[in-house]
Amino acid sequence: MTTTTERKLTTQKAIAEAIAIEMQDDDSVFVMGEDIGVYGGIFGATEGLLDKFGPERIIDTPISETGFIGAAVGAAINGMRPIVELMFVDFFGVCMDQIYNNMAKIHYFSGGNVKVPVVLTTAVGGGYSDAGQHSQTLWGTFAHLPGMKVVVPSNPYDAKGLMIAAIRDDNPVVYMFHKGVLGLGWMTNNPRATGVVPEGAYEVPIGKANVVREGSDLTIVTIGLSVHRALDAAEALETKNVSAEVLDLRSLVPLDREAIVASVKKTHRLLVVDEDYQSFGMTGEVITTAIEGAFDYLDAPPTRVATPDTPIPYSHPLETWALPSVDRIVEAGSSLLVAR
Amino acid sequence: MDIPKEHLVDMYETMVKIRRFEERIRELYFADKLPAFDIAAGLIPGEMHLAAGQEPVAVGMRPHLKAGDAITATHRPHHLAIAQGVDLNKMAAEIFGRETGLGRGKGGHMHLYSVEPNFGCSGIIGEGIPVAVGAAMAFRHRKTDNVALSYFGEGAANQGAFHESLNLAALWNLPVVFVCEDNAYAISVPKTASTAIPDNSDRASAYGIPGVLVATNDPVAVYEVMGEAIARARRGDGPSLIEIKTDRLWGHFEGDADAYRSDEFKTDMNERDPLATFGKRLIDEAILNEADIASIQDAMYAEVEAALEFAMNSPYPAPESALEDVFAGRIVQL
């Protein structure tokens, strides 16, 4: 008799494992960033890698984001596959030129002759009172600027597969991990932050959304930690006899518009949930996609739950009120069905 | 001059080629924009930053280069691209916005990228400096003895990217040569009004690396200093910072009234034109004679004309190809 145990990992350990697998197989892969060596990454994405690969390939940098992200671009142009960590996405302000004017545009300027295979990892998201310079998601900002893929895993399985796909991709990939899905010991976590992760290498294709819950009355489209808020809301809606489908986009660039349209055609109602700021962002883009592709199928105006257009506040009641919550999603979902 | 004759001749030939290229681009740039200057009109639209006068900076490093060495340059890149041997036809075609250009018409004159030779430039001040640091990281990882040369103006030496890059390269002892092309003006602002110390080469001491000032716009002096800095980087002894006092003979961009530089300054500058000065010196020292110079001019002018003809006879890209080359490879879905 044999027993098979399905191995479980936290999202954070799944990311570190993906990097280790690719570093083992490909000598051109290396990691640099602040506190990614001895510390293992403030959010653990490089845990254990220094011991395995040494300081030549796991490189702690000074606090010098323009310098080391620009250096990642230069290394990538010259045949390397750097993974470079911007500790919090909020820090993009000190180095955005290297990201969007340089990393994202060189392939285009070169008419396709120069490849820039950088993976820019960065921690996103709030909910733990870190205030307005350490709590943003900003994926809409990055997705708006052409030339970078943008991926946001919501669970350990996807985190590993998307990281392997990102490292193997010949394009710049901004890999955003939400602190609330990492399974960190020092932060309240979603229970789904630990999950089954196969050993060995596999890819989750960048640009393919995932139906994480089937439903028939309503589609909730979301990404990152809000996938879990939406799943919790879907369970609550079930008790009100509302069957909600939850679509985890997993990538914003490329955006899986077909999956959005297909789900809306099936359920006829759309709610978009986004932890990023409401205006000019993901919610507007997803709703437009549904209107362009499934207008005649819609039984109610699409709606959205997002962070209002305000900096993320510090105090717990303020922040909790501002970020998308299960209650707000349930309320918006219920209203969509009343509106029929 | 204790320099092999073939290097002196090569430097002079390249200076002639660069100057001719810049002069012809200038003529063609204005030919169809006058009498009423319209920046978007004509064969070459947009901003145009020409490097006439800065040739010594470029040709002085040229004999020291090896295949695979990387150069990152600025918004004023032609002299360096030509000196490194970037394909002149493709470079000209890119400037004219043609399909056959280095970037298929997507970059233009501030965004010239070449894989072989290994050249890139950028329209953002200081942006290329960290890129050279990364190139050097790749060279060291691959255990080659290639070096990365980062060129930037004296205006860029007040950018954070400059200081961050010097720190990183010094900290990690990387094979980078940082070269400041000091033409004394950041558009209209003189260095005296922008920089707290006279010589950026002195800033090297803040990072514990050699800093060398080349005080004259002389290709031989550049050759000597760059030879030492490149050799040092190649043998693994780390980065250097070189500042070269040079002259931008024309405006910041074509169409610049250049009223911020005095007539006296411009007269002095034109009198020390490095092309004329170097040519005279080669004759005086019997390295070349008048006939040699004439035949060098004929050959270089012909090469430049051929490149310009290639460019102007090349097709424009199909408009919808604007959508291509945003990403490499197959995209799952757009």
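Quick notes
- Kirkwood hydrodynamic radius of segment A:8-196, from the reciprocal of the average inverse Cα-Cα distance over all distinct pairs: 16.3 Å.
- Chains B and A together, accessible area buried on both sides, 1.4 angstrom probe, square angstrom: 3500
- Computed magnitude of the charge dipole of segment B:33-189 (debye, nearest 20; Cβ of K, R +1, Cβ of D, E -1): 400
- Placing unit charges on the Cβ atoms of the charged side chains and taking the dipole of segment A:174-280 about its Cα centre, the candidate lying farthest along the positive direction among A:I220, A:N190, A:G180 is A:I220.
- At 1.567 mPa s and 4 °C, Stokes diffusion of segment B:201-268 via Kirkwood alpha-carbon radius, µm² per second: 91
- Pairs from the list A:K115/B:K106; B:K17/B:K191; A:K105/B:K66; B:K66/B:K245 with a Cα-Cα gap above 18 Å: B:K17/B:K191; A:K105/B:K66; B:K66/B:K245.
- Across segment A:208-213, coupling constants 3J(HN,Hα) worked out from phi with the 6.51/-1.76/1.60 Karplus curve, θ = phi - 60°, read 10, 6, 9, 7, 8, 8 Hz, and Gly and Pro carry x.
- 3J(HN,Hα) along segment B:42-50, derived from phi through the Karplus expression 6.51 cos²θ - 1.76 cosθ + 1.60 where θ = phi - 60°, amounts to x, 5, 10, x, x, 6, 9, 10, 9 Hz, with x in place of Gly and Pro.
- For the protein assembly as shown, with +1 on Lys and Arg beta carbons and -1 on Asp and Glu, the positive-most of B:G134, B:A328, B:H75 along the dipole: B:A328
- The Kirkwood hydrodynamic radius of chain A, based on inverse pair distances between different Cα atoms, is 20.3 Å.
- Distant alpha-carbon pairs in segment B:5-311 (separation over 31 angstrom), percent: 26
- Mean separation of Cα contacts under 8 Å (6+ apart) over length of segment A:210-338, as relative contact order %: 28
- Along its three principal directions, the equivalent ellipsoid of segment B:1-143 from the Cα gyration tensor extends over semi-axes of 27, 20, 12 Å, largest first.
- Taken about its Cα centre, chain A carries a charge dipole of about 480 debye when Lys and Arg each add +1 at the Cβ and Asp and Glu each add -1 at the Cβ.
- Secondary-structure-derived ellipticity at 222 nm for the protein assembly as shown, considering helices only, amounts to -11500 deg cm²/dmol, per-run term -39500 (n - 2.57) for DSSP H runs with n ≥ 4.
- Surface share of carbon and sulfur [accessible, 1.4 angstrom probe, percent] for the protein assembly as shown: 53
- Shown here for segment B:1-106: chymotrypsin sites (Phe, Trp or Tyr not before Pro) in loop regions (DSSP other than H, G, I, E, B) with at most 15 other Cβ atoms within 10 Å, namely B:F37.
- Of A:F53, A:F88, A:F43, the residue with the greatest mean-square motion in the GNM of chain A, using alpha carbon springs below 10 Å, is A:F53.
- Whole-angstrom gap from segment B:247-311 to segment A:265-294, using each part's C-alpha centre: 60
- 5 Å-binned pair-distance histogram of segment A:210-338 (Cα, whole percent): 2, 12, 23, 25, 20, 11, 5, 1, 0
- √(5λ) per eigenvalue of the Cα gyration tensor, the protein assembly as shown, largest first, Å: 53, 27, 21
- Degrees between helix A:326-338 axis and first principal axis of chain A (Cα, 0 to 90, nearest 10): 40
The values are calculated or read from the model by the stated rules, or taken from the named source; none is laboratory data. Note that the coordinates shown come from a computational prediction; the quantities given were computed from them, not determined experimentally. In this analysis, Cβ positions are derived from the backbone assuming ideal geometry, glycine residues included, and neighbour counts consider all displayed protein chains. Surface areas here come from the heavy atoms of the whole protein model, side chains and all, with no ligands, DNA or RNA. Shrake-Rupley method; radii C 1.70, N 1.55, O 1.52, S 1.80 Å.
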